[in-house]
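**Q** First, the structure itself, so that you have it in front of you.
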Amino acid sequence: QVQLQESGPGLVKPSQTLSLTCSVSGGSISSGNYYWSWIRQPAGKGLEWIGRIYSSGSTNYNPSLKSRVTISVDTSKNQFSLKLSSVTAAETAVYYCAREVPVYSGSYYEDNWGQGTLVTVSS
Amino acid sequence: QSVLTQPPSVTGAPGQRVTISCTGSSSNIGAAYDVHWYQQLPGTAPKLLIYRYTNRPSGVPDRFSGSQSGTSASLAITGLQAEDEADYYCQSYDNSLSVSVFGGGTKLTVL
């Protein structure tokens, strides 16, 4: 069973860049037809998909965040990362990394999730 | 406002059956994109419950089942148990937004 673990600063100042890393264990990030995604959840609210990356480096981003998001992968470390620039207080949330499975119809689902990490945007 | 609409809450007594609806449109569920369901217990990460409308990952009891009709999908839970008390989210793909979308979530309370 693959396991994912998020890491990174729990506090980021407004207008700065949020940076998180997801470490994958129990399987190679390069094996299988899987994507690797980031999802966030503000306290008491629903889930918002941020973006995904394939081991080749190919990415897809939520259009509402696209101008500020970068997801990258380091296959040698079995990790992938999220950078979100110019953050505001409204982006305080629990950030999850997950393994994503593509479906022939064009949708995807997350079959393995990290435990999540709370990032607070505050001065 | 979520692209996929779920009731904010549902309630049921132990042993009963409840259903949670997920209503979309012609750019997501109605466009034949599969629907998936997640269970989120308090203070934990979401867990995959149903994928591709009706399939259960290993370890998910058969008390949980999914269905689809037109631009909507439903999650049914039979033989309600106290440990089913959680938030439930549906997910699909929207081709007008070009993004994976989630419903707003439904809080299940077991009386």
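**Q** Could you tell me whether the stretch A:78-93 includes any residue that is within 14 Å of chain B (Cβ to nearest Cβ) and under 25 Å from B:T44 (Cβ atoms)?
**A** Taking the stretch A:78-93 and keeping what is within 14 Å of chain B (Cβ to nearest Cβ), we get A:93.
With under 25 Å from B:T44 (Cβ atoms) added as a condition, the list becomes A:93.
For the stretch A:78-93, residues within 14 Å of chain B (Cβ to nearest Cβ) and under 25 Å from B:T44 (Cβ atoms): present.
**Q** Could you list, in sequence order, all residues of the stretch A:37-68 that are in a strand (DSSP E or B) and either within 10 Å of another protein chain (Cβ to nearest Cβ) or over 20 Å from B:Y93 (Cα atoms) (or both)?
**A** Once the filter is applied, which keeps residues that are in a strand (DSSP E or B) and either within 10 Å of another protein chain (Cβ to nearest Cβ) or over 20 Å from B:Y93 (Cα atoms) (or both), the stretch A:37-68 yields A:S37, A:I39, A:Q41, A:E48, A:W49, A:I50, A:G51, A:R52, A:N60, A:Y61.
**Q** Just to be sure before I move on: is A:R40 in contact with a Ser or Thr (Cβ under 7 Å, 6 or more places away or on another chain) and either basic (K, R) or open to solvent by 40 Å² or more (accessible area, probe 1.4 Å) (or both) in the structure I sent?
**A** Working: in contact with a Ser or Thr (Cβ under 7 Å, 6 or more places away or on another chain): no; either basic (K, R) or open to solvent by 40 Å² or more (accessible area, probe 1.4 Å) (or both): yes.
No.
**Q** Quick check on my filter: what residues within the stretch B:5-24 are farther than 18 Å from B:Q81 by Cα and either exposed (fewer than 15 other Cβ atoms within 10 Å of the Cβ) or within 10 Å of chain A (Cβ to nearest Cβ) (or both)? Break it down stepwise before answering.
**A** At the first step, the residues of the stretch B:5-24 found to be farther than 18 Å from B:Q81 by Cα are B:5-8, B:21-24.
Once the filter is applied, which keeps residues that are farther than 18 Å from B:Q81 by Cα and either exposed (fewer than 15 other Cβ atoms within 10 Å of the Cβ) or within 10 Å of chain A (Cβ to nearest Cβ) (or both), the stretch B:5-24 yields B:Q6, B:P8.
**Q** Go through the stretch B:72-104 and report how many residues are more than 10 Å from chain A (Cβ to nearest Cβ), at pLDDT 95 or above and in a loop (DSSP other than H, G, I, E, B).
**A** Selection size over the stretch B:72-104: 5.
**Q** Related question: Quickly run through the stretch A:43-89 and pick out the residues that are open to solvent by 60 Å² or more (accessible area, probe 1.4 Å), touching a residue at least 60 places away in the same chain (Cβ under 8 Å) and in contact with a Leu (Cβ under 9 Å, 6 or more places away or on another chain).
**A** A:K83
**Q** Moving to a separate point now. Against the definition (surrounded by 14 or more Cβ atoms within 10 Å (Cβ to Cβ), charged (D, E, K, R), farther than 19 Å from A:Y96 by Cα and touching a Lys or Arg at 6+ places or on another chain (Cβ under 7 Å)), how does B:D94 come out, yes or no? Break it down stepwise before answering.
**A** Details: surrounded by 14 or more Cβ atoms within 10 Å (Cβ to Cβ): yes; charged (D, E, K, R): yes; farther than 19 Å from A:Y96 by Cα: yes; touching a Lys or Arg at 6+ places or on another chain (Cβ under 7 Å): no.
No.
**Q** Another question, then. Just to be sure I understand, how many residues within the stretch B:31-71 are of a type in the set (A, V, I, L, M), within 11 Å of chain A (Cβ to nearest Cβ) and assigned to a loop (DSSP other than H, G, I, E, B)? Break it down into steps so the answer makes sense when it comes.
**A** If we filter the stretch B:31-71 for residues that are of a type in the set (A, V, I, L, M), which is where we start, we get B:31-32, B:35, B:41, B:45, B:48-50, B:60.
This time we only want the ones that are within 11 Å of chain A (Cβ to nearest Cβ), so: B:31-32, B:35, B:45, B:48-50.
Next, from what is left, pick out any that are assigned to a loop (DSSP other than H, G, I, E, B): B:32, B:35, B:45.
Within the stretch B:31-71, residues that are of a type in the set (A, V, I, L, M), within 11 Å of chain A (Cβ to nearest Cβ) and assigned to a loop (DSSP other than H, G, I, E, B) number 3.
**Q** Sticking with this structure for a sec: Within the stretch A:99-118, work out how many residues are open to solvent by 40 Å² or more (accessible area, probe 1.4 Å), at the interface with chain B (Cβ under 8 Å from one of its Cβ atoms) and without any contact (Cβ under 8 Å) to a residue 12 or more places away in the chain.
**A** 0
**Q** So A:F80 fits all but one of (1) in a strand (DSSP E or B); (2) touching an Asp or Glu at 6+ places or on another chain (Cβ under 9 Å); (3) within 27 Å of B:A86 (Cα to Cα); what number is the exception?
**A** Just one mismatch for A:F80, condition (3).
**Q** To continue, here is another question. Of the conditions (1) crowded, with 22+ Cβ neighbours inside 10 Å; (2) part of a loop (DSSP other than H, G, I, E, B); (3) of a type outside the set (D, E), B:S27 fails just one. Which one is it?
**A** Of everything listed in (1) crowded, with 22+ Cβ neighbours inside 10 Å; (2) part of a loop (DSSP other than H, G, I, E, B); (3) of a type outside the set (D, E), B:S27 misses just condition (1).
**Q** Take the conditions in contact with a strand residue (DSSP E or B) (Cβ under 9 Å, 6 or more places away or on another chain) and open to solvent by 60 Å² or more (accessible area, probe 1.4 Å) and apply them to B:Q68. Does it pass?
**A** Here the answer is yes, as B:Q68 does meet what is asked.
The values are calculated or read from the model by the stated rules, or taken from the named source; none is laboratory data. Owing to the predicted nature of the structure, the values given are computational and were not obtained by experimental measurement. Methodologically, a virtual Cβ is constructed for each residue, glycine included, from the backbone with ideal geometry; neighbour enumeration extends over all protein chains shown. For the accessible areas, the whole protein counts, side chains as well, though only heavy atoms, and no ligand, DNA or RNA atoms are used. Shrake-Rupley method; radii C 1.70, N 1.55, O 1.52, S 1.80 Å.
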